[in-house]
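*Asks:* Pasting a structure here, questions to come.
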Amino acid sequence: MQGFITNNSQYIFPIIYVWSAIWKAIALWKAAKKDAKVWFAIIFVFNSFGLLEILYIFLLYKIDLKKLISNLKSKIKIKK
């Protein structure tokens with residue numbers, strides 16, 4: 001089994017690196033366009049093999065969080 005891992009690692013690691021780099025570049029581009037500085041920093045720092053980047057691109061990028069929060073605040077009546 002060890003021979004299998006060492007023989008194929010020369011192919012597996014570059015593939016994983018390219019996969020991650022592509023998703024990271026797309027997510028960073030979208031975060032920069034949306035001026036999402038916190039997400040830009042998180043994506044830039046953490047290496048998640050593309051999982052965090054895919055999550056951001058397909059779920060969070062489409063949501064305008066500022067608009068969502070303001071809508072929620074307007075719907076919730078705060079009693080003082």
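Taken together, the values in this text are just the output of simple stated rules run on the coordinates, not laboratory data. All figures in this text were calculated on a predicted structure; none of them were measured in a lab. Reconstructed Cβ throughout: ideal geometry from the backbone, glycine too, with neighbour counts over all protein chains shown.
*Asks:* Note down the relative contact order for the range 2-75 as a percent, whole number, built from C-alpha pairs under 8 angstrom at least six residues apart.
*Replies:* That works out to 31 percent.
*Asks:* While we're here: Translational D (Stokes-Einstein, µm²/s) of the range 2-75 at 20 °C and 1.002 mPa s when Rh comes from the Kirkwood sum over C-alpha pairs?
*Replies:* Here the translational diffusion coefficient equals 153 µm²/s.
*Asks:* If you count, for each residue, the other Cβ atoms within 10 Å and average over each peptide, how do 69-76, 31-38, 49-56 line up from highest to lowest?
*Replies:* Put in order of decreasing packing, that is 49-56, 31-38, 69-76.
*Asks:* Starting from the 7 Å offset along Cα-to-Cβ, what nm value, one decimal, do you get for the label separation of Ala25 and Phe46?
*Replies:* Placing both labels 7 Å beyond Cα along the Cβ direction yields 2.3 nm.
*Asks:* Sorted from fewest to most neighbouring beta carbons within 10 Å, what does the list Val45, Val18 look like? Before the final figure, lay out the partial values.
*Replies:* Details: Val45 7, Val18 10.
Ranked by crowding around the Cβ, least crowded first: Val45, Val18.
*Asks:* Next question, about the same structure. Output wanted: per-residue J couplings in Hz (rounded whole) for the range 43-56, from phi through Karplus 6.51 cos²θ - 1.76 cosθ + 1.60, θ = phi - 60°, x for Gly and Pro.
*Replies:* 5, 5, 7, 8, 9, 10, 6, x, 5, 5, 5, 5, 4, 4
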